[in-house]
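Structure record follows, encoded as structure tokens.
The values are calculated or read from the model by the stated rules, or taken from the named source; none is laboratory data. Bear in mind that the values here come from a model prediction, so they are computed numbers and not experimental data. Positions of Cβ are generated from backbone atoms using ideal geometry, with glycine treated the same way; all protein chains shown enter the neighbour counts. Remember, those area values only see protein heavy atoms, side chains included, never the ligands or the DNA or RNA. Shrake-Rupley method; radii C 1.70, N 1.55, O 1.52, S 1.80 Å.
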Amino acid sequence: MEILGIDIGGSSLKGGLVNIKTGEINGATHRITTPNSRKPEDIAQSVDEMLDHFNYSGLVGCGFPSIIKNGVCKHPGNLHADWVGVSVDKLFQEVTGQAFTMLNDADAAGIAEMRFGAGQNEKGLVVTITVGTGLGSGAYLNGELIPNFELGQIPYKEFIKIEDWAASSIKTSQNLSYEEWGKRFDTFLNYIQRIICPDLLIIGGGISNDWEKFVHFLNQDVRMIPAKLRNDSGIIGAAVAAAEKVEY
């Protein structure tokens, strides 16, 4: 059974047709640049464009880059403030004519890694960190998802949220070296250690492809491993959530 998974991010929307039994993406993924406005109506049109690209009809799983409760956006995250209070699932259904299962994007990535990737058979408190435009986090306790675990929203010094200082988008915009950025990311991981003391950290997002370039700048006692599914995890997890009707 194939379900379309869509991963909405601050810089792009990524989609693919996922075999929900194997976790494999059938064919190539498709990427659409996130509209500059990042407003609901514009992103909804990009989602419709994604469905058109795959000529897809049916249930859609969608990871969203902020807190989602019962399909409703509770925080703008790295998108526009107009998202707050929007029933995202209903908006996308009105625009596309298809039914949507919505969840936090890092939660989607966590589902994929726990089911098919680096987190298989892992127990205790496992946290997947997705490093991109922001810092997403998906938490599992003994195999059960703890939804909307937004650790990237922790305030830090003059920054409203630490992801504004330590995300990989900041590395790019400030032209930081891997050492400079790695030390910032390590500070973020130190906060995670102090607050929740996880048993395992799985580091995902696009920058996980460069794991060997920055891991030696991370001074952590907790076990850390790179994500296995890398940038595809959000797509895969969203599709699995839709198949299993996982919504929060």
Legend entry - Boolean, Ala139 is closer than 30 Å to Asn55 by Cα and outside any loop (DSSP other than H, G, I, E, B): no
Legend entry - Single match in Ser57, Ser11 (criterion: open to solvent by less than 70 Å² (accessible area, probe 1.4 Å), touching a residue at least 40 places away in the same chain (Cβ under 8 Å), out of contact with any strand residue (DSSP E or B) (no Cβ under 6 Å at 6 or more places or on another chain) and not hydrophobic (A, V, I, L, M, F, W, C)): Ser11
Legend entry - Test result for Asp107, of a type in the set (Asp, Glu) and over 27 Å from Arg230 (Cβ atoms): no
Inset, instruction - State all residues of segment 142-163 that are open to solvent by less than 20 Å² (accessible area, probe 1.4 Å) and assigned to a loop (DSSP other than H, G, I, E, B); if no residue qualifies, say none. - result: Ile162
Inset, instruction - Pairs only if they're at least six apart or on different chains, beta carbon under 9 angstrom, first in segment 164-181 and part of a loop (DSSP other than H, G, I, E, B), second of a type in the set (Val, Ile, Thr); list them, first residue then second. - result: Ala167/Val131; Ala167/Thr133; Leu176/Ile170
Inset, instruction - Tell me, yes or no, whether segment 66-87 has at least one residue that is touching a Phe, Trp or Tyr at 6+ places or on another chain (Cβ under 7 Å), open to solvent by less than 40 Å² (accessible area, probe 1.4 Å) and of a type in the set (D, E, K, R). - result: no
Legend entry - Subset tally (residues that are in contact with a Gly (Cβ under 6 Å, 6 or more places away or on another chain) and over 20 Å from Ser137 (Cα atoms)) for segment 53-87: 1
Inset, instruction - Give the residue that is most open to solvent (accessible area, probe 1.4 Å), with candidates limited to residues of segment 189-235 that are over 22 Å from Asn121 (Cα atoms) and touching a Gly at 6+ places or on another chain (Cβ under 7 Å). - result: Phe217
